[in-house]
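Below: the structure, in structure tokens.
The values are calculated or read from the model by the stated rules, or taken from the named source; none is laboratory data. This one's a predicted model, so the numbers in the text were calculated from it and none came from an experiment. Positions of Cβ are generated from backbone atoms using ideal geometry, with glycine treated the same way; all protein chains shown enter the neighbour counts. We work out accessible area using only protein heavy atoms, side chains counted, and drop any ligands, DNA or RNA first. Shrake-Rupley method; radii C 1.70, N 1.55, O 1.52, S 1.80 Å.
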Amino acid sequence: MRVMKFGGTSVGKPERMHQVSQLITRDGEPTIVVLSALSGTTNTLVEISNCLAAANKQGATEKTEALEKHYRQFILDLLKSDTLREKANNIIEEHFEFLRITQRISLSDALNKDILAQGELMSTKLFSLYLEQENIEHALIPALDFMRLDANEEPDLALIQEKIQGVLVQHPTKKLFVTQGYICRNAKGEVDNLKRGGSDYTASLIAAAIKATVCEIWTDIDGMHNNDPRVVEKTVAIEQLSFDEAAELAYFGAKILHPTCIWPAQQENIPVKLLNTMQPTAAGTVIKKEAGSVGVKAVAAKDGIIAVKIKSSRMLLAYGFLRKIFEVFEKYKTPIDMITTSEVAVSVTIDNDDHLAEIMEELSNIASVEVEKDQTIVSIVGNEIAKTDAILKKLFDAIDEIPVTMVSYGGSPHNISLLIPSTYKVKTLQLVNKGLFNL
Ligand code: ADP
Ligand code: ASP
Ligand code: MG
């Protein structure tokens, strides 16, 4: 059995849903299809939620109305018969009635997550009706019945495995299943999500849970490119990446993949393919155990980074100093991305400032602390990158004019990371494209 995930743009138009229906039935292989919300929907739901949080009821109502209009037209274009259109309109009515009710009650964290879940619930139900129209036999299986988080808000793979098996055995004759990406339940049983871009993560988790033959991520580009195509003009698709390389790229900002979506597939050694719905015959990128080649493959950038610079003369020869520092970050569940040290100082980066004030206060009891915001991590990724001829010289020659604030090299054999002020991101990615990729 395989998993095929289609992102927002791949289902964002009625004709795309038609394309998807052809791709998922191309060879009759048993398939679990994971769908995102129609493109733009989750962004609008976030905006509605923000309006409610700011007590801007009118804003929320206007956005809800505009979104509903979009879905009503989508139904007209997607479905031909009155019966199916009526069914679809009833479904949409239900979800928008829910959104309208939320505007009359006060917004809690749990309600916010319910609002964000509406996109995937609607896209899968509409797609299921389209499959019904095309006489394509399938079962719509609710992700909320098997996608679970544990008490640490991490996916509970063992529980997901158990639950999804229980769901699949209820449909012994079916070969095609459709489910929602992104949404799940947390340890308290409430509706939750896998964070923005989380449908990739759903696909990889399901692939691991059912030990799929392959996890295909269908999107609007022909695979992982060597650089961010939204920022740099000339980029090229990469044929093959190892799980480790892909995980670094995803974590350090390559938007095509959710930051932590590689580990489940890697754990079960399931190949992940990145493919283009708009150009299905393009080779795309395959992600598997082997890297395929040695050397620099891609660069990615992650914004919204905060550098925390911790300085203490007592650090000199003081064992246990780093432990004390890390314990503070651990206490506030704030992961550290980059670390550099000197004899009297240690600098770390974080991307989550929820507890920055508390962290600063506790650290200031141990050392002097400075914070620099609006930083970007630029990561150069490639298998055994150190073996690339004069890699550091090439890199620093290329970005000579950029004021680099931190460097991390040697931590893993496939990553060099630089910290730069975010204002230099575009320039840095362009210079790396020229200097390291000759593009
Ligand atoms: P989906 O909605 O299908 O999940 P996303 O928008 O999340 O699609 O991801 C695909 C987009 O990721 C591409 O359109 C591209 O602009 C962006 N992207 C950023 N970095 C890369 C990269 N290194 N390679 C390919 N795409 C990238
Ligand atoms: N719809 C969600 C989002 O926009 C999940 C996803 O598309 O992967 O973030
Ligand atoms: Mg995505």
For this session: Please find, within the range 42-57, the residue that is nearest to ligand 3 (Cβ to nearest atom) out of those that are open to solvent by 10 Å² or more (accessible area, probe 1.4 Å) and among the hydroxyl-bearing types (Ser, Thr, Tyr).
Result: THR42
For this session: Could you please find all residues in the range 310-324 being basic (Lys, Arg) and part of a strand (DSSP E or B)?
Result: LYS311
Exercise. When you scan the range 119-139, how many residues do you find that are more than 10 Å from MET17 (Cβ to Cβ) and either modelled with pLDDT under 95 or among the small types (Gly, Ala, Ser) (or both)?
Worked result: 3
For this session: Could you list, in sequence order, all residues of the range 212-229 that are away from ligand 2 (no atom under 16 Å from the Cβ) and either in a strand (DSSP E or B) or farther than 19 Å from VAL3 by Cβ (or both)?
Result: ASP222, HIS225, ASN226, ASN227, ASP228, PRO229
Exercise. (1) without any contact (Cβ under 8 Å) to a residue 60 or more places away in the chain; (2) open to solvent by 50 Å² or more (accessible area, probe 1.4 Å): which one isn't true of VAL371, the others all being true?
Worked result: (1)
Problem set entry | Hits in the range 277-311 (condition: at pLDDT 95 or above, of a type in the set (D, E, K, R) and more than 16 Å from ligand 3 (Cβ to nearest atom)) | LYS288, LYS289, GLU290, LYS297, ASP303, LYS309
For this session: Tell me, please, whether a residue that is within 30 Å of VAL33 (Cα to Cα) and in a loop (DSSP other than H, G, I, E, B) can be found in the range 292-309.
Result: yes
For this session: Give the residues of the range 15-41 that are surrounded by fewer than 17 Cβ atoms within 10 Å (Cβ to Cβ) and either within 20 Å of the chain's Cα centre (by Cα) or within 22 Å of GLY197 (Cα to Cα) (or both), sorted by residue number.
Result: GLY40
Problem set entry | Residues that are within 15 Å of ligand 1 (Cβ to nearest atom) and either hydrophobic (A, V, I, L, M, F, W, C) or open to solvent by 10 Å² or more (accessible area, probe 1.4 Å) (or both), drawn from the range 202-215 | ALA203, CYS215
Problem set entry | Among (1) within 16 Å of ligand 3 (Cβ to nearest atom); (2) under 27 Å from SER123 (Cα atoms); (3) outside any loop (DSSP other than H, G, I, E, B); (4) not charged (D, E, K, R) - the single one ALA246 does not satisfy | (2)
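Of everything in the range 239-256 that's touching a His at 6+ places or on another chain (Cβ under 7 Å) and open to solvent by 20 Å² or more (accessible area, probe 1.4 Å), which residue is nearest to ligand 2 (Cβ to nearest atom)?
The initial filter retains those residues of the range 239-256 that are touching a His at 6+ places or on another chain (Cβ under 7 Å), namely 244-245, 248, 250.
From what is left, the residues that are open to solvent by 20 Å² or more (accessible area, probe 1.4 Å) are 244, 248.
Values: ASP244: 23, GLU248: 20 Å.
By that ranking, first place goes to GLU248.
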Problem set entry | Among (1) surrounded by 13 or more Cβ atoms within 10 Å (Cβ to Cβ); (2) farther than 30 Å from GLU239 by Cα, the one test that ASP354 misses | (1)
Exercise. How many residues are open to solvent by 10 Å² or more (accessible area, probe 1.4 Å) and not in a loop (DSSP other than H, G, I, E, B) if we restrict to the range 182-191?
Worked result: 2
Problem set entry | Unique match (being within 13 Å of ligand 1 (Cβ to nearest atom) and either open to solvent by 40 Å² or more (accessible area, probe 1.4 Å) or without any contact (Cβ under 8 Å) to a residue 40 or more places away in the chain (or both)) among PRO259, PRO280 | PRO259
Exercise. Residues of the range 88-115 being open to solvent by 50 Å² or more (accessible area, probe 1.4 Å) and touching a Leu at 6+ places or on another chain (Cβ under 6 Å), which ones?
Worked result: LEU107
